[in-house]
Amino acid sequence: MNPIPEPSVIVMIGASGSGKSTLTRTWPADYRLELDSYRWAVSGDAGDQEATADAASLLDAVLERRLARGLTCVVDATNTRTDVRKRLIEAAHAHHLPAAAVVMTTPLEQCLARNARRPDNRRVPEGEVRRQYQQIAAARPGLRGEGFEHVVTDDRLMRLRLLLQRTVDRLHADQRTDADHVERARRVLANQFFGEDLAAAFTWTQLRPGHDPIGEIAAGGDRLTLAYRTGFPDPMDWGFEAEVPCLGGCSGPAWVPVRTPMDLLAVYDDDFPEHVVRCERCTAGTSVREAV
Ligand SMILES: [Zn+2]
């Protein structure tokens, strides 16, 4: 059951470390207006407090344009200040939409502990967390009076099923639109070794029965050719090799094991140890250094 109607403006209210962002992520990505993300967008640093004013103006602009389209917004910020909440309520009402407050009930000790575990640039001073917590406790009884049509606490929101269902729906949609399941499964492989950005630039170029699959990572006019080797007895040794010119000077492709993005960078920069190179033609199975 979701006690908050949509479309609406959903205002998260909680101290730093109260778990607002985790709960906010149960709504679709486009609903989520996160002050930290806009800080990051304008300054490159999600924790840059000096970027707050610029970030807030971006948030307001996106809020306004979404509400003009009648779309739900979930505002993920501490929202401890009365004037900030007032602005959000007015924006909702200007578009004839209800405003809902979601109040986090996480105990102060837990907020403090979570805040303390954050990276330096995302951690707020302990006194600030206590102050936010007290401000929210003081504001809570008056939220309806401020103009919120709905006031709910986080423990009343049963969002896990929605999150699971949306994830399952997305998986099904992906499977329907992705004709080549093998390609998809093997992109997962590239992702595991090299991360999301490089996997996005990766495609399989040669999938032949009885041969190791070959693919490439390409960006602009640059490319690295990779083969996935599964011939080793221990599956833990399976992995990619990158194609390099044979150091022995023959025309055959030679290969260097690449297990990490650091290995790929070394191949691109021609900065790998010669003894790891294996040529298919002139020195198959032995190192070039031994052969030369
Ligand atoms: Zn060779």
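The values are calculated or read from the model by the stated rules, or taken from the named source; none is laboratory data. Given the structure is predicted, the values throughout are model-derived calculations rather than measurements. Note that we place each Cβ from the backbone using ideal geometry, even for glycine, and neighbour counts take in every protein chain shown.
Do we have any residue at all in region 124-147 that's assigned by TED's automatic domain parsing to the domain that holds residue 93, touching a His at 6+ places or on another chain (Cβ under 9 Å) and surrounded by 14 or more Cβ atoms within 10 Å (Cβ to Cβ)?
Taking every residue of region 124-147 in turn, at least one turns out to be assigned by TED's automatic domain parsing to the domain that holds residue 93, touching a His at 6+ places or on another chain (Cβ under 9 Å) and surrounded by 14 or more Cβ atoms within 10 Å (Cβ to Cβ).
Just give me the residues in region 55-101 being out of contact with any strand residue (DSSP E or B) (no Cβ under 6 Å at 6 or more places or on another chain), part of a loop (DSSP other than H, G, I, E, B), of a type outside the set (A, V, I, L, M, F, W, C) and closer than 25 Å to residue 129 by Cβ, in sequence order.
Those that are out of contact with any strand residue (DSSP E or B) (no Cβ under 6 Å at 6 or more places or on another chain), part of a loop (DSSP other than H, G, I, E, B), of a type outside the set (A, V, I, L, M, F, W, C) and closer than 25 Å to residue 129 by Cβ: 78, 80, 81.
State the number of residues belonging to region 187-198 that are among the small types (Gly, Ala, Ser) and modelled with pLDDT under 85.
Residues that pass the stated criteria total 1.
Given the condition charged (D, E, K, R), closer than 16 Å to residue 34 by Cβ, surrounded by 17 or more Cβ atoms within 10 Å (Cβ to Cβ) and touching a residue at least 40 places away in the same chain (Cβ under 8 Å), answer yes or no: does some residue in region 52-70 qualify?
no
Filter region 262-281 down to the residues that are more than 16 Å from the ligand (Cβ to nearest atom), over 12 Å from residue 245 (Cβ atoms) and surrounded by fewer than 17 Cβ atoms within 10 Å (Cβ to Cβ), then identify the one that is farthest from the chain's Cα centre (by Cα).
273
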